[in-house]
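Okay, structure first, notes after.
The values are calculated or read from the model by the stated rules, or taken from the named source; none is laboratory data. Note that this is a predicted model, so its numbers are computed, not measured. Ideal geometry is used to build each Cβ from the backbone, glycine not excepted, and the neighbour counts take in all protein chains shown.
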Amino acid sequence: MTVATQDGALSGERAAPGPAPLAPRARLWPSLGAVYRAQLSRARVARIPLLFVATFQSIGIMVMLRGVVHAGDGEAARAVVAGSSVLVVAFVALNLLAQYFGQLRASGGLDHYATLPVPPAAVVLGAAGAYASFTVPGTLVTAVTGCLLFHLTLTNLWVLVLVVPLSGAALSGLGAALGLLAPRQEIATLLGQLGMSAALLLGVLPASHMPAPVSWARDALPSTYGVEAFARTFAGRSATDWPAVFADLSVCAAVGIASLALATWSYRRAACR
Amino acid sequence: MESTQKQGGAGDGLACSVRGLVRTYPGSRGRPGRRSRPTPPVRANDGIDLDIRRGELFGILGPNGAGKSTLVRQLTGLLRPDAGSIDLLGHDLVRHPERAARLVGYLGQESSALDELTVALAAETTGRLRGLDAAAARTARDAVLDELGLGPIAARPLKRLSGGQRRLACFAAALVGPRPVLVLDEPTTGMDPVARRAVWAAVDRRRTEYGATVLLVTHNVIEAETVLDRVAVLDRGRVIACDTPVGLRSLVEGEVRLDLVWRLEPPGELACVAALRPLAEVAGRRWTLRLPQDRARAVVAEITGGPAFEALDDFTLAMPSLEDVYLALGGSGEGLVKL
């Protein structure tokens with residue numbers, strides 16, 4: 001309450017010389033932190049069942065594919081484990097975030113943020129960051145389960161520390177943009193589901209078995225680069241082509257920056273009409 | 001409208017000055033081969049002029065679709081007007097709509113952004129996003145929750161509260177982080193009398209403490225009459241009257257409202273009842289009549305003293321309310337609220 005009480009111009013004097021002073025803007029990082037914290041707390045109320053669904057879906061796919069793919073280090077086994085792990089990120093960051101922003105926009109909930117002096121990037125990045133964080137436990141459980149199931153090495157799982165945030169940034173930016181740009185809530189949900197299905201089909205299957213047009217679609221999907229980076233690390237510590245891993249992660253980062261910028265622009269467009 | 005003209009242009013003593021505000025929503029073209037028909041554009045605000053004084057509790061009253069929300073969305077920077085000007089505390093909001101967020105504390109009708117947060121976190125986060133640092137946001141949160149008696153439910157998510165409690169929690173969030181102007185869109189919807197009283201006490205405190213100007217959108221005629229300093233009545237996107245509640249009621253001075261509730265069918269065969277039929281606004285078994293005082297008294301005497309009394313279940317004679325003013329001014333809707 002200090003701002004108003006200390007500020008003479010906010011008192012109800014009749015003669016008001018000049019425009020009233022403006023309250024300070026919320027700065028980017030503190031407000032991003034506040035949005036992130038609030039979004040993370042929503043998980044406790046509404047998101048935990050969905051996180052289970054995301055994890056079980058991925059584990060289920062791996063168990064199913066274990067019947068047709070041989071265990072041991074091979075392109076197919078790597079693709080299945082890496083693809084299923086990144087699928088958890090796609091489920092939550094892309095699909096659920098698209099639904100969340102679609103619903104927020106349709107219900108008028110964006111007005112709450114739009115009438116606060118908060119930078120649009122803080123709202124979008126805070127929500128995207130929280131959704132990407134939701135995926136961490138599920139991705140980890142899926143990756144460990146997959147490695148055990150397909151007899152892959154666990155030594156390089158630390159790379160998830162980079163894969164989850166970077167592919168999370170790319171996919172959540174895309175999810176937020178879809179949710180905010182879709183003209184109707186149902187379309188936002190549909191696009192989120194389609195994006196997740198694409199991440200499933202194009203991520204889990206080995207690239208060398210795909211016809212050319214499908215592999216182009218695979219190249220266009222941001223999650224692919226997270227899958228590729230992760231899959232490469234199953235070669236073990238010495239055999240991993242680290243420059244290629246970091247090249248893939250750089251693509252993820254670049255797409256992440258672009259998609260989050262697009263999401264921020266979409267938010268601005270959706271919030272003020 | 002005369003009373004707004006008396007104020008003169010935007011200047012000293014005015015918190016908000018609106019001139020010639022127009023906002024049209026585009027119609028749809030409809031799709032050939034489908035059932036959807038083209039809808040014409042809707043002029044939701046059609047040349048609105050308003051002056052709101054500093055420290056005033058100013059109300060906007062009108063039926064659904066009168067353009068209240070459209071007006072408020074422009075005053076809070078959510079919507080750009082097609083034409084006209086908005087001056088809020090010396091700031092041009094048409095040119096700088098983003099400044100509204102730094103001048104106005106807004107309580108909208110929707111709570112979906114806060115629904116899954118706890119009451120405490122909703123208030124604290126809103127304070128942070130209003131530019132308070134962490135410690136100030138926590139202090140302000142505690143003060144507001146205490147003030148509104150929300151302490152016992154502070155740890156519960158908004159989603160799990162009743163409608164009135166949820167509304168009060170959103171109101172608390174709107175108050176965290178002080179603003180010289182508060183815009184409240186139907187703040188007391190669904191609240192019990194205790195919560196309503198807490199809302200009006202909190203509003204009053206902000207007016208006396210730092211002269212906050214409060215703009216209230218309401219449907220509720222009784223609330224409008226009791227709390228507002230002045231009220232603008234909106235109809236079809238225009239201000240059809242603007243004055244104090246007492247001043248507005250004086251427009252229909254000399255008239256009273258007579259409600260007759262019949263047991264079953266009104267006895268239309270009686271001449272006195274048949275004569276009233278064309279004057280009455282009929283809602284089921286209830287007839288509402290707006291009559292000059294002498295005539296109303298005569299009607300009551302005739303009906304209660306004659307055979308029609310047998311058919312009568314209840315009757316009331318009341319002084320005119322703002323709803324009667326609205327209808328007398330030629331308001332096009334079906335009245336404001338059914339009370």
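So the check is Cβ under 7 Å with 6+ separation or different chains; which pairs have a first residue in region B:198-212 that's more than 13 Å from every other protein chain (Cβ to nearest Cβ) and a second one that's modelled with pLDDT under 95 and in a helix (DSSP H, G or I)?
What qualifies is B:W200/B:V227.
Across region A:104-123, what is the total count of residues that are touching a Gly at 6+ places or on another chain (Cβ under 8 Å) and closer than 15 Å to A:G179 by Cα?
Summing the residues that are touching a Gly at 6+ places or on another chain (Cβ under 8 Å) and closer than 15 Å to A:G179 by Cα in region A:104-123 gives 3.
Return yes when B:A232 is part of a strand (DSSP E or B), over 18 Å from B:A15 (Cβ atoms) and touching a strand residue (DSSP E or B) at 6+ places or on another chain (Cβ under 9 Å) and no when it is not. Give the steps one after another, and end with the answer.
Numbers: part of a strand (DSSP E or B): yes; over 18 Å from B:A15 (Cβ atoms): no; touching a strand residue (DSSP E or B) at 6+ places or on another chain (Cβ under 9 Å): yes.
So B:A232 does not fit the description; no.
Given the criteria buried (at least 18 other Cβ atoms within 10 Å of the Cβ) and assigned to a strand (DSSP E or B), does B:L182 qualify?
Criteria met by B:L182.
When the residues of region B:269-284 are narrowed to those that are exposed (fewer than 11 other Cβ atoms within 10 Å of the Cβ) and assigned to a loop (DSSP other than H, G, I, E, B), which ends up nearest to the chain's Cα centre (by Cα)?
B:G284
Quick one: which of B:G77, B:G84, B:G55 is of a type outside the set (S, T, N, Q), modelled with pLDDT of 95 or more and in the same structural domain as B:V233 (by TED's automatic domain parsing)?
When all the criteria are applied, what remains is B:G84.
Based on this model, can you work out whether B:L145 counts as touching a Cys at 6+ places or on another chain (Cβ under 6 Å), more than 8 Å from every other protein chain (Cβ to nearest Cβ), farther than 26 Å from A:R105 by Cα and of a type in the set (A, V, I, L, M)? Reasoning before the result, please.
Numbers: touching a Cys at 6+ places or on another chain (Cβ under 6 Å): no; more than 8 Å from every other protein chain (Cβ to nearest Cβ): yes; farther than 26 Å from A:R105 by Cα: yes; of a type in the set (A, V, I, L, M): yes.
Here the answer is no, as B:L145 does not meet what is asked.
Give just the number: which of (1) at the interface with chain A (Cβ under 7 Å from one of its Cβ atoms); (2) part of a loop (DSSP other than H, G, I, E, B); (3) in contact (Cβ under 8 Å) with a residue 24 or more places away in the chain does B:D115 not satisfy?
Failed condition: (1).
Between a residue in region A:79-103 that is over 27 Å from A:L181 (Cβ atoms) and any residue that is surrounded by 24 or more Cβ atoms within 10 Å (Cβ to Cβ) and of a type in the set (K, R), which pairs come within a Cβ distance under 8 Å, given they are 6 or more apart or on different chains?
none
Facing chain A (nearest Cβ under 8 Å), part of a loop (DSSP other than H, G, I, E, B) and closer than 18 Å to B:L216 by Cβ: does that describe B:L78?
yes
Taking the residues in region B:118-142 that are among the small types (G, A, S) and either more than 7 Å from chain A (Cβ to nearest Cβ) or in contact (Cβ under 8 Å) with a residue 60 or more places away in the chain (or both) as candidates, determine which candidate is nearest to A:Q39 (Cα to Cα).
Checked region B:118-142; the qualifying residue nearest to A:Q39 (Cα to Cα) is B:A122.
Tell me which of these B:E147 doesn't satisfy, since it passes every other one: (1) closer than 23 Å to B:T208 by Cα; (2) in contact with a strand residue (DSSP E or B) (Cβ under 8 Å, 6 or more places away or on another chain); (3) among the charged types (D, E, K, R).
The failed condition is (2).
Based on this model, can you work out whether A:A71 counts as hydrophobic (A, V, I, L, M, F, W, C) and crowded, with 16+ Cβ neighbours inside 10 Å?
no
Mind checking which residues of region A:232-273 are loosely packed, with under 14 Cβ neighbours inside 10 Å, charged (D, E, K, R) and over 21 Å from the mean Cα position of the chain (by Cα)?
Listed by number, the residues that qualify are A:R237, A:D241, A:R273.
Mind checking which residues of region B:122-131 are touching a helix residue (DSSP H, G or I) at 6+ places or on another chain (Cβ under 6 Å) and either at pLDDT below 90 or not small (G, A, S) (or both)?
B:E124, B:T125, B:T126, B:R128, B:L129
Could you pull out the residue among B:G77, B:G65, B:G55 that is touching a residue at least 12 places away in the same chain (Cβ under 8 Å), small (G, A, S) and touching a strand residue (DSSP E or B) at 6+ places or on another chain (Cβ under 7 Å)?
B:G55
If a residue has to be in contact (Cβ under 8 Å) with a residue 24 or more places away in the chain, within 11 Å of chain B (Cβ to nearest Cβ) and among the β-branched types (V, I, T) to count, how many in region A:104-133 make the cut?
Result for region A:104-133: 2.
Step by step: first the residues of region B:97-112, then only those that are surrounded by fewer than 23 Cβ atoms within 10 Å (Cβ to Cβ) and farther than 18 Å from A:A20 by Cα, then the one that is farthest from the other protein chains (Cβ to nearest Cβ). Which residue is that?
Checked region B:97-112; the qualifying residue farthest from the other protein chains (Cβ to nearest Cβ) is B:Q109.
Name the residue, out of B:G67, B:G84, B:G62, that is surrounded by fewer than 21 Cβ atoms within 10 Å (Cβ to Cβ) and more than 15 Å from B:L182 (Cα to Cα). Lay out the reasoning, then the answer.
Values: B:G67 fails: surrounded by fewer than 21 Cβ atoms within 10 Å (Cβ to Cβ); B:G62 fails: surrounded by fewer than 21 Cβ atoms within 10 Å (Cβ to Cβ).
Answer to the selection: B:G84.
I'd like to check which helices (runs of 4 or more DSSP H) are fully inside region A:46-137 and have at least 3 residues that are of a type outside the set (D, E, K, R) and at pLDDT below 90.
Hits in region A:46-137: A:48-66.
Report yes if some residue within region B:147-157 is surrounded by 15 or more Cβ atoms within 10 Å (Cβ to Cβ), in the same structural domain as B:G108 (by TED's automatic domain parsing) and assigned to a helix (DSSP H, G or I); otherwise report no. Walk me through how you get there before you give the answer.
At the first step, the residues of region B:147-157 found to be surrounded by 15 or more Cβ atoms within 10 Å (Cβ to Cβ) are B:147-148, B:150, B:153-154, B:156-157.
Checking which are in the same structural domain as B:G108 (by TED's automatic domain parsing) leaves us with B:147-148, B:150, B:153-154, B:156-157.
This time we only want the ones that are assigned to a helix (DSSP H, G or I), so: B:147, B:153.
Taking every residue of region B:147-157 in turn, at least one turns out to be surrounded by 15 or more Cβ atoms within 10 Å (Cβ to Cβ), in the same structural domain as B:G108 (by TED's automatic domain parsing) and assigned to a helix (DSSP H, G or I).
If you go through region B:156-177 one residue at a time, how many are within 11 Å of another protein chain (Cβ to nearest Cβ) and either among the small types (G, A, S) or on the phi > 0 side of the Ramachandran plot (or both)?
3
Within region B:217-259, restricting attention to residues that are under 23 Å from B:Q293 (Cβ atoms) and polar (S, T, N, Q), which residue is modelled with the highest pLDDT?
B:T244
Would you tally the residues in region B:211-229 being outside any strand (DSSP E or B) and touching an Asp or Glu at 6+ places or on another chain (Cβ under 6 Å)?
The number of residues fulfilling the criteria is 2.
What about A:V81, is it of a type outside the set (G, A, S) and more than 18 Å from A:S133 (Cα to Cα)?
Taking the combined requirement at face value, the residue satisfies it.
Look at A:L152 and say whether it is of a type outside the set (F, W, Y), crowded, with 24+ Cβ neighbours inside 10 Å and farther than 19 Å from A:Y225 by Cβ.
The answer is yes for A:L152.
State all residues of region B:4-39 that are modelled with pLDDT of 80 or more, within 30 Å of B:L248 (Cα to Cα) and not hydrophobic (A, V, I, L, M, F, W, C); if no residue qualifies, say none. Don't jump to the end; show me each part of the working.
Taking region B:4-39 and keeping what is modelled with pLDDT of 80 or more, we get B:13-27, B:38-39.
Applying the additional criterion that residues be within 30 Å of B:L248 (Cα to Cα) yields B:13-24.
Within region B:4-39, B:G13, B:S17, B:R19, B:G20, B:R23, B:T24 meet the criteria.
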